[in-house]
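The values are calculated or read from the model by the stated rules, or taken from the named source; none is laboratory data. None of the values given here were measured: they were computed from a predicted structure. We place every Cβ from the backbone using ideal geometry, glycine too, and count neighbours over all the protein chains shown.
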């Protein structure tokens, strides 16, 4: 599908889905996760069907027992999800009018979580709060013929489009879960994360990882064979979005929920080949009296912990990014432009960073790139 056709399809799907929300009593935040859940399910089913056809062609046939039955491992080997019958999109679409469609979709999500530990507690399971008519119309929207035949990463792009639109309509506080694709692509193209450990300590919905996957695939390589994704995210809902986003793109990663100011869930100081992030800007209220902050190895420069005297966390983040890197690592991140010329204690920290020789470029926009080579 060409770019123009994809943009038209995305817009049509959004208009149809958003019109349903507008005519209901639902807020954008109530509506966003279930809709993303259905896109996830549609995408998983398409991959399931495509792999099923291919695998069945090569299954051994026994003279008496016939063709060997499909197994979950058959799908895992092809980087696709195995879906029990009641978790398959066609099963849900074909349910009779009398069926409790909300309960059926909830069951589908539970069945998938039972099959995959990394998705337990992640998928939305509150479809019963919606009217049957609304759910059936949503299923119809995502069962268009063009979507039934969709191949490649069409659904990944649709998922990203819906994430962006929900962010713009305020589905999540501050729109923190989504970074515009063009911005992420800029970071990816500059630091070229093509091997080793890729870490985002403020991962939102995992957009940095998705674009990294695209970058590696554009080189004719498989992301799973080249990189390992680690992410940390403060909000529970955003953590779920990140795990769903990785799954819908066929990527794997270790995403942990935790407040990065006080917790280092992955203990990756000095261990990351690449750090990529779009952290919240100008955060105040970080409790610098906590031992977790006063003794944080992620804040060590020139042999000691450096705490900015003003109530602004920008230079906490910047030090995190620097200290997470291996000696040969590279980091690309988004930061408020005011951080590039902040004075007093922040200036002192910036001078220490510059003296390390790690600063590759300090752009007068919202991008600051740090590189240790």
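Of all residues in the range 5-63, how many are in a helix (DSSP H, G or I) and within 23 Å of the chain's Cα centre (by Cα)? Counting residues in the range 5-63 that are in a helix (DSSP H, G or I) and within 23 Å of the chain's Cα centre (by Cα) gives 30. All told, residue 160 falls short of being part of a loop (DSSP other than H, G, I, E, B), more than 18 Å from residue 87 (Cα to Cα) and at pLDDT below 90.
Screening the candidates 262, 320 for the property of being surrounded by fewer than 19 Cβ atoms within 10 Å (Cβ to Cβ) and touching a helix residue (DSSP H, G or I) at 6+ places or on another chain (Cβ under 7 Å) yields one hit, 262.
May I ask you to verify whether residue 231 is surrounded by 24 or more Cβ atoms within 10 Å (Cβ to Cβ), on the phi > 0 side of the Ramachandran plot, touching a strand residue (DSSP E or B) at 6+ places or on another chain (Cβ under 8 Å) and not in a helix (DSSP H, G or I)? In short, no. Which of the residues that make up the range 333-351 are touching a residue at least 24 places away in the same chain (Cβ under 8 Å), at negative phi and out of contact with any helix residue (DSSP H, G or I) (no Cβ under 9 Å at 6 or more places or on another chain)? Selection gives 337, 348.
Determine whether residue 91 is surrounded by fewer than 19 Cβ atoms within 10 Å (Cβ to Cβ), in contact with a helix residue (DSSP H, G or I) (Cβ under 7 Å, 6 or more places away or on another chain), modelled with pLDDT of 90 or more and under 27 Å from residue 10 (Cβ atoms). So residue 91 passes the test.
Considering only residues in the range 64-75 that are under 31 Å from the mean Cα position of the chain (by Cα) and exposed (fewer than 14 other Cβ atoms within 10 Å of the Cβ), the one that is modelled with the lowest pLDDT turns out to be 71.
Within the range 278-303, the only residue that satisfies the criterion of being modelled with pLDDT under 95 and assigned to a strand (DSSP E or B) is 301.
Within the range 256-270, residues that are within 17 Å of residue 289 (Cα to Cα) have Cβ atoms under 6 Å from residues that are outside any loop (DSSP other than H, G, I, E, B) and at pLDDT 95 or above in these pairs: 260/232; 262/292, counting only partners at least 6 apart in sequence or on another chain. Of all residues assigned to the range 323-332, none qualifies as being at negative phi, in a loop (DSSP other than H, G, I, E, B) and either touching a helix residue (DSSP H, G or I) at 6+ places or on another chain (Cβ under 7 Å) or crowded, with 22+ Cβ neighbours inside 10 Å (or both). Restricting attention to the range 348-373, the residues being modelled with pLDDT of 80 or more and either in a loop (DSSP other than H, G, I, E, B) or exposed (fewer than 13 other Cβ atoms within 10 Å of the Cβ) (or both) number 6. Note on the range 283-315: residues that are touching a helix residue (DSSP H, G or I) at 6+ places or on another chain (Cβ under 9 Å), surrounded by 15 or more Cβ atoms within 10 Å (Cβ to Cβ) and within 16 Å of residue 338 (Cα to Cα) total 4. Across the range 268-277, the qualifying residues are those that are assigned to a loop (DSSP other than H, G, I, E, B) and touching a helix residue (DSSP H, G or I) at 6+ places or on another chain (Cβ under 6 Å), and the one among them that is surrounded by the most Cβ atoms within 10 Å (Cβ to Cβ) is 268.
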